[in-house]
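Heads up: the structure comes next, in structure tokens.
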Amino acid sequence: MKGLSVVIIGGGAGLGALLAEMAVAEGASALGIIDLNATAAEAALSPARAAGIPHAFAACDIRTAEASHAAFASVAHALGRVDTLINSAAIYPRKPILEISDADWDASNAINVKGTYHMMVAAIRQMRGQDPIGRIRGRIVNITSVDAFKAHPQNAHYAATKAAVVSLTKSMAHEVAPDGILVNSVAPAGMATEKARESGFLAELAKASPLGRGGEPREMAEWVLMAGGPKNTYMTGENIIVSGGYIYA
């Protein structure tokens, strides 16, 4: 990420916070965090403060275009430019398919699909107006899921939203390619998080993977940073599956 100004949506916790830490460690020139939780967003900037690089955060409910665009504009103004946007905000509700209500569908779509779209639009408007670095004006990486490609009992509405983001990624990538903006997505399988350890889910992950274990969050994050980093100058419209062989594309 050397020399790139990075903004992470949903960067206050989990994979997003790890991405913030790793981006700074890999030489990001500036870091922005947008998250619903202002306290978490500010805390996630600790690596940037320690490194002495420009940093900014905004608290935002990404379900509306107005709030999303205002938050992004605020962070972008503070940083000066945005070279990489990472969309990591999502909700993961679990319900049997016959119990999913209209409100459940609306909540999942509003955050996982519309929120991602709102931030992509805000980033594209910013990136189109800035000078390119080499041939590239900007990079966008959306976090999807292997659930977009397989049956997911008890979580059909989540899986559907992630499939929608895969499609959205491809459409946006094609439309903004002439502007020198690359748009890709990364689809992780189940991760060996602390929550997975506490719930006993790690044993299920190990059984599901030919490698015999769940993926570490850092192993997923590496691919996100690769797609959003300076070495990616030609790949766009792709969805990278990082599943340890759980599924094959």
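Please determine whether any residue of the range 197-205 is modelled with pLDDT under 95, farther than 25 Å from I97 by Cα and either polar (S, T, N, Q) or part of a helix (DSSP H, G or I) (or both).
Yes: one or more hits.
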* Asked: What number of residues within the range 1-40 are in a loop (DSSP other than H, G, I, E, B) and under 18 Å from A58 (Cα atoms)?
  -> 6
* Residue satisfying all of: in the range 4-47; in contact (Cβ under 8 Å) with a residue 60 or more places away in the chain and open to solvent by 40 Å² or more (accessible area, probe 1.4 Å); nearest to T193 (Cα to Cα) among these -> G14
* Looking only at the range 69-81, which residues are closer than 21 Å to T169 by Cβ and either free of Cβ contacts under 8 Å to residues at least 24 places away in the same chain or within 15 Å of the chain's Cα centre (by Cα) (or both)? -> F72
* Asked: Hey, any hits in the range 151-169 for a residue that's in contact with a Lys or Arg (Cβ under 6 Å, 6 or more places away or on another chain), farther than 29 Å from S5 by Cα and open to solvent by 20 Å² or more (accessible area, probe 1.4 Å)?
  -> yes
* **Cβ pairs under 6 Å, 6+ apart, first in the range 53-65 and under 28 Å from S29 (Cβ atoms), second open to solvent by 70 Å² or more (accessible area, probe 1.4 Å) and among the acidic types (D, E)** => F57/E42
* Structure fact -> Looking across the range 144-157 at residues that are at pLDDT 90 or above and in a loop (DSSP other than H, G, I, E, B), the single one that is nearest to the chain's Cα centre (by Cα) is T144
* Qualifying positions in the range 206-225 - in a helix (DSSP H, G or I) and open to solvent by 20 Å² or more (accessible area, probe 1.4 Å) -> A206, K207, A208, P217, R218, E219, E222, W223
* Structure fact -> Cβ pairs under 7 Å, 6+ apart or interchain, first in the range 92-105 and modelled with pLDDT of 90 or more, second not in a helix (DSSP H, G or I), ordered by first then second residue, are K95/Q154; P96/Q154; D104/P93; D104/K95
* **Check on I124, over 27 Å from P217 (Cα atoms) and over 15 Å from the mean Cα position of the chain (by Cα)** => yes
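The values are calculated or read from the model by the stated rules, or taken from the named source; none is laboratory data. Source: prediction; values computed, not measured. Cβ coordinates were reconstructed from backbone atoms using ideal geometry, including for glycine residues, and neighbour counts include every protein chain displayed. These accessible areas exclude ligands, DNA and RNA; they are computed on the full protein's heavy atoms, side chains included. Shrake-Rupley method; radii C 1.70, N 1.55, O 1.52, S 1.80 Å.
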